[in-house]
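Before any comments, here is the structure.
The values are calculated or read from the model by the stated rules, or taken from the named source; none is laboratory data. Quick caveat: nothing in here was measured; it's all calculated off a predicted structure. Ideal geometry is used to build each Cβ from the backbone, glycine not excepted, and the neighbour counts take in all protein chains shown. Ligands, DNA and RNA are excluded from the accessible area calculation, which covers all protein heavy atoms including side chains. Shrake-Rupley method; radii C 1.70, N 1.55, O 1.52, S 1.80 Å.
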Amino acid sequence: MELPAIVDLFDSEEIGEELLRLLEVAGGHSVPVIADLTGTRFCDSSAAGVLMRAHIRAVTLGCPLYAAIEPGRLVRQVIDRSPAGHHIRICDGLSA
(Lines give C-alpha, C1' and ligand atoms only; values in the text may rest on other atoms or scores of the structure.)
Protein backbone atom coordinates (compact mmCIF):
# COMPACT_ATOMS: atom_id res chain seq x y z
CA MET A 1 0.00 0.00 0.00
CA GLU A 2 1.48 3.32 -1.06
CA LEU A 3 1.18 5.94 1.64
CA PRO A 4 0.76 9.61 0.72
CA ALA A 5 3.50 12.26 0.65
CA ILE A 6 2.38 13.55 4.05
CA VAL A 7 1.16 11.37 6.91
CA ASP A 8 0.11 13.35 9.94
CA LEU A 9 -2.61 13.63 12.53
CA PHE A 10 -5.13 14.88 9.97
CA ASP A 11 -5.09 11.81 7.76
CA SER A 12 -3.49 9.05 9.84
CA GLU A 13 -6.80 7.57 11.00
CA GLU A 14 -8.05 7.10 7.44
CA ILE A 15 -4.70 5.67 6.33
CA GLY A 16 -4.68 3.31 9.30
CA GLU A 17 -8.17 2.03 8.54
CA GLU A 18 -7.21 1.37 4.92
CA LEU A 19 -4.08 -0.48 5.99
CA LEU A 20 -6.06 -2.59 8.46
CA ARG A 21 -8.59 -3.48 5.73
CA LEU A 22 -5.74 -4.58 3.49
CA LEU A 23 -4.31 -6.72 6.27
CA GLU A 24 -7.69 -8.37 6.80
CA VAL A 25 -7.82 -9.37 3.13
CA ALA A 26 -4.20 -10.55 3.01
CA GLY A 27 -4.21 -12.20 6.42
CA GLY A 28 -6.20 -15.22 5.44
CA HIS A 29 -3.72 -15.95 2.68
CA SER A 30 -0.47 -15.09 4.53
CA VAL A 31 0.34 -12.62 1.75
CA PRO A 32 2.94 -10.04 2.81
CA VAL A 33 1.73 -6.47 3.08
CA ILE A 34 4.14 -3.60 2.42
CA ALA A 35 3.47 -0.11 3.76
CA ASP A 36 5.28 1.89 1.08
CA LEU A 37 6.63 5.11 2.56
CA THR A 38 9.26 5.62 -0.14
CA GLY A 39 7.28 8.57 -1.51
CA THR A 40 6.41 9.99 1.90
CA ARG A 41 8.25 13.26 2.50
CA PHE A 42 6.87 14.08 5.95
CA CYS A 43 5.33 12.19 8.82
CA ASP A 44 4.75 12.81 12.48
CA SER A 45 4.37 10.37 15.34
CA SER A 46 0.86 9.48 14.21
CA ALA A 47 2.44 7.59 11.27
CA ALA A 48 4.38 5.49 13.77
CA GLY A 49 1.11 4.83 15.61
CA VAL A 50 -0.55 3.70 12.38
CA LEU A 51 2.29 1.28 11.70
CA MET A 52 2.26 -0.04 15.27
CA ARG A 53 -1.49 -0.74 15.17
CA ALA A 54 -1.05 -2.43 11.80
CA HIS A 55 1.82 -4.52 13.18
CA ILE A 56 -0.29 -5.73 16.09
CA ARG A 57 -3.10 -6.72 13.72
CA ALA A 58 -0.68 -8.38 11.29
CA VAL A 59 0.74 -10.53 14.09
CA THR A 60 -2.78 -11.57 15.09
CA LEU A 61 -3.61 -12.50 11.50
CA GLY A 62 -0.29 -14.20 10.81
CA CYS A 63 0.33 -11.81 7.94
CA PRO A 64 3.87 -10.50 7.32
CA LEU A 65 4.01 -6.68 7.42
CA TYR A 66 6.90 -4.64 6.06
CA ALA A 67 7.54 -0.93 5.82
CA ALA A 68 9.58 0.32 2.86
CA ILE A 69 11.36 3.49 3.99
CA GLU A 70 14.48 4.87 2.39
CA PRO A 71 17.38 5.35 4.83
CA GLY A 72 18.53 8.82 5.76
CA ARG A 73 15.15 10.47 5.28
CA LEU A 74 13.19 12.27 7.98
CA VAL A 75 10.43 9.67 7.73
CA ARG A 76 12.90 6.89 8.52
CA GLN A 77 14.25 8.83 11.50
CA VAL A 78 10.75 9.33 12.93
CA ILE A 79 9.87 5.64 12.56
CA ASP A 80 13.26 4.36 13.78
CA ARG A 81 12.94 6.44 16.98
CA SER A 82 9.45 5.17 17.75
CA PRO A 83 8.35 1.82 19.21
CA ALA A 84 7.18 0.88 15.70
CA GLY A 85 10.78 1.01 14.51
CA HIS A 86 11.66 -1.74 16.97
CA HIS A 87 8.84 -4.08 15.94
CA ILE A 88 8.16 -3.63 12.24
CA ARG A 89 10.35 -5.13 9.56
CA ILE A 90 11.77 -2.15 7.72
CA CYS A 91 13.38 -2.44 4.31
CA ASP A 92 15.29 0.29 2.49
CA GLY A 93 13.01 0.28 -0.54
CA LEU A 94 10.52 -1.75 -2.51
CA SER A 95 13.19 -3.77 -4.27
CA ALA A 96 14.65 -4.90 -0.95
**Request:** Please work out the FRET efficiency for the pair VAL59 and LEU9, using the Cβ-Cβ distance as r and a Förster radius of 22 Å; give the result to the nearest 0.05.
**Result:** 0.30
**Prompt:** Roughly to the nearest percent, how much of the accessible area of the chain is carbon and sulfur, given a 1.4 Å probe?
**Reply:** 55
**Prompt:** To the nearest 10 degrees, how steep is helix 12-27 against the longest Cα principal axis of the chain, on a 0 to 90 scale?
**Reply:** 30
**Complete:** Applied in sequence order to region 33-40, the curve 6.51 cos²θ - 1.76 cosθ + 1.60 (Karplus, θ = phi - 60°) yields integer Hz couplings, x standing for Gly and Pro, of 10, 10, 8, 8, 9, 5, x, 7
**Request:** Return one number: the angle in degrees, 0 to 90 and rounded to the nearest 10, between the long axis of the Cα atoms of helix 45-61 and the longest principal axis of the Cα atoms of the chain.
**Result:** 20
**For the chain: rounded, prolate or oblate by the Cα gyration tensor [a/c cutoff 1.5]** = prolate
**Request:** Per residue of region 86-96, in order, report the coupling 6.51 cos²θ - 1.76 cosθ + 1.60 (Karplus, θ = phi - 60°) as ³J(HN,Hα) in whole Hz, putting x for Gly and Pro.
**Result:** 8, 10, 8, 6, 10, 10, 6, x, 5, 6, 6
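Calculated FRET efficiency, MET1 and ARG81, Cβ-Cβ r, R0 22 Å, to nearest 0.05?
0.45
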**Request:** Provide the net charge surrounding ILE34, with neighbours chosen by a C-beta distance below 12 Å and charges set as Lys +1, Arg +1, Asp -1, Glu -1.
**Result:** -1
**Å² of accessible area per residue within the chain, as computed with a 1.4 Å probe and no ligands counted** = 55
**Complete:** Surrounding charge for SER45, neighbours by C-beta under 12 angstrom, Lys/Arg +1, Asp/Glu -1, total -1
